[in-house]
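J.: There's a structure below that I have some questions on.
The values are calculated or read from the model by the stated rules, or taken from the named source; none is laboratory data. Since the structure is predicted, the reported quantities are computational estimates derived from the model, not experimental observations. For neighbour counting, all protein chains shown are included, and Cβ atoms are generated from backbone atoms with ideal geometry for every residue, glycine included. The area values use the complete protein model at the heavy-atom level, side chains included, leaving out ligands, DNA and RNA. Shrake-Rupley method; radii C 1.70, N 1.55, O 1.52, S 1.80 Å.
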Amino acid sequence: MITVLRKGFLTMAAMAGMLAVFTGCDDEKEIKVRDLPGAAREFVAQYFPDESILYAEKEKDDKVVTYNVRLSDGTEIEFDESGVWTSVDCNLSPVPDGIVPDAILTHLESYVPGGTQIFKIEKMWGGYEIEIRDGRDLIYDAEGNFVREDRG
């Protein structure tokens with residue numbers, strides 16, 4: 001009986017150790033604004049001049065570094081290691097002009113009657129995913145050509 005309990009305990013200890021190793025790959029820590037890449041600070045200053053950075057975080061996952069920022073208006077922005085934006089989520093306000101590629105804006109003018117506002121844009125492998133006011137997600141290729149629509 002003791003041998004069975006000991007084996008069970010050792011198995012659980014080994015599983016806990018493996019879990020610690022796998023989850024140990026993620027490393028997130030709050031950083032000071034000055035520790036963000038220059039390109040990220042410039043992006044915020046250019047497109048969100050009236051907002052301040054409330055929170056900045058550096059995340060390392062499998063040696064890939066990203067930065068996450070939350071602004072005073074609730075906007076959440078993700079940047080890659082060099083400070084280039086990968087995701088801008090303005091929640092309930094539109095994404096500022098100049099962030100969304102012109103080809104996407106041109107397509108939206110004809111695709112959505114009466115026009116629409118973009119609340120989130122995310123760079124993804126091979127293109128962009130945007131979320132518009134009515135909750136639809138629209139997928140575009142890297143050149144801004146419409147690919148498909150996903151209902152959210």
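J.: Using a 1.4 Å probe on the protein heavy atoms only, what accessible surface does E149 show? Give it in Å² to the nearest 10.
T.: 50
J.: I would also like to ask the following. In debye, nearest 20, what is the charge dipole magnitude of the range 16-152 about its Cα centre with +1 on Lys and Arg Cβ and -1 on Asp and Glu Cβ, if you could check?
T.: So the dipole magnitude of the range 16-152 works out to roughly 160 debye.
J.: Could you sort 56-63, 138-145, 67-74 so that the peptide with the highest average Cβ count within 10 Å comes first and the rest follow in order?
T.: The most tightly packed comes first, giving 67-74, 138-145, 56-63.
J.: Find how much the distance from E28 to V147 grows on full extension, using 0.36 nm per residue of separation minus their present alpha carbon separation; answer in nm with one decimal.
T.: Once the chain is fully extended between E28 and V147, it gains 39.4 nm.
J.: Next up: Could you count how many Lys pairs in the range 24-137 have their Cα atoms under 18 Å apart, skipping same-chain pairs fewer than 8 positions apart?
T.: Lysine pairs meeting both conditions in the range 24-137 amount to 5.
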